[in-house]
Amino acid sequence: MMYYLKYRPASLAEIDNQKRQEILTKIFQSSDLPHAFLFIGPKGTGKTSTARIIAKILNCEQNQGKKKLNPQSCNQCENCLAIAKNRFLDVYELDAASSRGIDDIRSLRDQVSYAPTRGAYKVYIIDEVHMLTKEAFNALLKTLEEPPSHVVFILATTESHKLPETIISRCLTVPFQKANLVEIRQSLLRIVKGEKLKVSEATLDLIAKSSQGSFRDAAKLLELAVSTTDLTEKAVSSLLKSNSQVEPEQFLKLVLAKQTAPALKFLQDYDSQGLDYSWLIEALLEELRVMLLIKKGLIDDSQIGSIINKTTLSEISRLMKILLEAYQLTKSSPIEALPLMIAVVEFAQEKV
């Protein structure tokens with residue numbers, strides 16, 4: 001089993017983000033349980049893992065018949081073990097990226113009225129909920145407005161701006177920010193301990209910095225390093241450099257300089273490595289965000305280099321808008337590289 005699955009948090013106590021752990025603990029210590037949660041945040045930040053933890057808390061045998069629930073599931077009763085193995089009949093997971101139509105939501109709505117078969121609650125986890133069609137959202141809304149007392153919905157999304165306000169208003173929103181280096185290292189240390197690996201702190205720091213705030217990506221990078229190197233700092237550094245999501249600064253310089261041919265060649269090389277275009281656009285937007293703050297005098301020290309002096313606020317703003325449009329199109333494009341390639345050409349052709 002892959003590390004990120006094998007070592008995903010199994011209880012609130014194992015959630016590496018302290019703030020999120022505290023928020024959820026307070027919710028379950030209250031007698032007023034929300035009937036719908038909305039998890040908002042980037043990929044790999046623990047939304048689905050946390051949803052399954054909530055399903056355990058709601059159905060843990062130690063909480064049966066209690067108004068105030070113990071926020072720490074036992075992870076030993078039959079219900080907790082069944083949920084961990086995806087065998088619990090009262091926990092339903094729906095991926096809205098592939099099951100996004102009104103028929104899928106109608107089927108879900110028909111099941112809601114029936115009582116749970118084993119646990120106290122039926123839990124419906126809908127991942128990438130922003131992918132639902134307009135008709136499916138309308139059908140879901142009717143269920144969210146008057147849900148049975150034995151039902152809890154957990155909606156997860158990386159793009160909350162695509163959700164209807166009517167859906168958002170009926171959920172308790174829990175934000176999932178990108179993990180910081182301390183949190184990433186903590187999650188990596190759990191894997192290191194479980195696998196009995198010998199890894200230096202410097203090596204872990206390298207992997208943590210390369211994960212871009214994603215617990216899942218950090219676990220994948222560690223597993224890649226274990227399978228291909230000797231885990232020394234030098235070997236892992238070399239691996240990350242060749243395998244990583246390239247250096248976005250290099251590409252950004254070409255785009256801002258309107259060197260279209262070299263920029264497209266960069267993307268051609270990037271594509272040949274099978275790397276993630278969403279990540280690249282996110283990295284470019286982060287670089288531009290820092291440049292914007294430097295230009296406005298909100299950050300004193302520039303890590304962008306001389307490129308900052310040659311770029312106007314107008315250029316930064318225009319490129320950010322173009323990249324945001326490309327980001328939205330990337331997931332639905334038949335050719336993943338195409339939206340970013342078009343963005344490069346459009347920016348080069350636009351007049352200030």
Practice task
Give the carbon-plus-sulfur fraction of the accessible surface of region 122-256 in %, rounded to a whole number; probe 1.4 Å, heavy atoms of protein chains only.
Solution key: 51
Fill in the blank from the handout: For the chain, dividing by residue count, accessible area per residue (probe 1.4 Å) in Å² works out to 51
Exercise for the section: With an 8 Å cut-off on Cα pairs and a minimum separation of 6 or more residues, tell me the relative contact order of region 83-240 in percent. Expected result: 18
Practice task
Starting from the Cα of residue 142, draw a straight line to each of the aspartates and glutamates and keep only those under 13 Å, dropping any in the same chain fewer than 8 residues away.
Solution key: 110
Completion exercise
Counting only protein heavy atoms and leaving out ligands, DNA and RNA, the solvent-accessible surface of residue 170 at a 1.4 Å probe, in Å² to the nearest 10, equals 80
Exercise for the section: Report the FRET efficiency, 1/(1 + (r/R0)^6), for residue 289 and residue 261, where r is their Cβ-Cβ distance and R0 is 22 Å, rounded to 0.05. Expected result: 0.25
Problem - Given charges at Cβ of Lys, Arg, Asp, Glu: the chain dipole, positive-most of 121, 139, 111 - result: 121
Fill in the blank from the handout: Under the 7 Å Cα-to-Cβ spin-label approximation, residue 205 and residue 30 lie apart by a distance in nanometres of 4.1
Exercise for the section: Ignoring everything but the protein chains, give the 1.4 Å probe accessible area of residue 216 in square angstrom, nearest 10. Expected result: 80
Practice task
Rank these residues by their accessible area, most exposed first, probe 1.4 Å: 20, 289.
Solution key: 289, 20
Problem - Spin-label model distance (nm) - residue 230 vs residue 325, 7 Å beyond Cα toward Cβ - result: 5.2
Exercise for the section: May I ask you to rank 1, 320, 341 by accessible area, largest first, using a 1.4 Å probe over the protein chains only? Expected result: 1, 341, 320
Exercise for the section: Treat every Asp and Glu Cβ in region 176-289 as -1 and every Lys and Arg Cβ as +1, leave all other atoms uncharged, and give the resulting dipole magnitude about the Cα centre to the nearest 20 debye. Expected result: 160
Completion exercise
Once 110, 90 are ranked on solvent-accessible area with the largest value leading and a 1.4 Å probe, the list reads 110, 90
Practice task
Any chance you could look up the accessible area of residue 73 with a 1.4 Å probe, heavy atoms only, rounded to 10 Å²?
Solution key: 10
Exercise for the section: Return the calculated 222 nm mean residue ellipticity for the chain, to the nearest 500 deg cm²/dmol, obtained by summing -39500 (n - 2.57) across DSSP H runs with n ≥ 4 and dividing by the residue count. Expected result: -16000 deg cm²/dmol
Completion exercise
In degrees, nearest 10, the alpha-carbon axis of helix 233-243 is tilted away from the dominant principal axis of the alpha carbons of the chain by 80
Handout entry: At R0 = 25 Å, FRET efficiency that the Cβ-Cβ distance of residue 313 and residue 278 yields, to 0.05
Key = 0.45
Completion exercise
Relative contact order of the chain (C-alpha contacts under 8 Å, at least 6 apart) in percent is 16
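Between their Cα atoms, which of 220/321; 47/162; 26/134; 43/85; 178/321 are more than 29 Å away from each other?
Check vs 29 Å cut-off fails for 220/321; 26/134.
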Problem - Percent carbon-and-sulfur accessible area, region 46-107, ignoring ligands, DNA and RNA, probe 1.4 Å - result: 44
Handout entry: trypsin sites (Lys or Arg not before Pro) within region 319-352, DSSP loop, no more than 14 other Cβ atoms inside 10 Å
Key = 351
Practice task
Note the angle between two axes, namely the Cα long axis of helix 313-330 and the longest principal axis of the Cα atoms of the chain, as a number of degrees from 0 to 90, rounded to the nearest 10.
Solution key: 50
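The values are calculated or read from the model by the stated rules, or taken from the named source; none is laboratory data. The structure presented is a predicted model; accordingly, all values stated were derived computationally and were not measured. Quick reminder, even Gly has a Cβ in these numbers, built from the backbone with ideal geometry, and neighbours come from all protein chains shown. Ligands, DNA and RNA are excluded from the accessible area calculation, which covers all protein heavy atoms including side chains. Shrake-Rupley method; radii C 1.70, N 1.55, O 1.52, S 1.80 Å.
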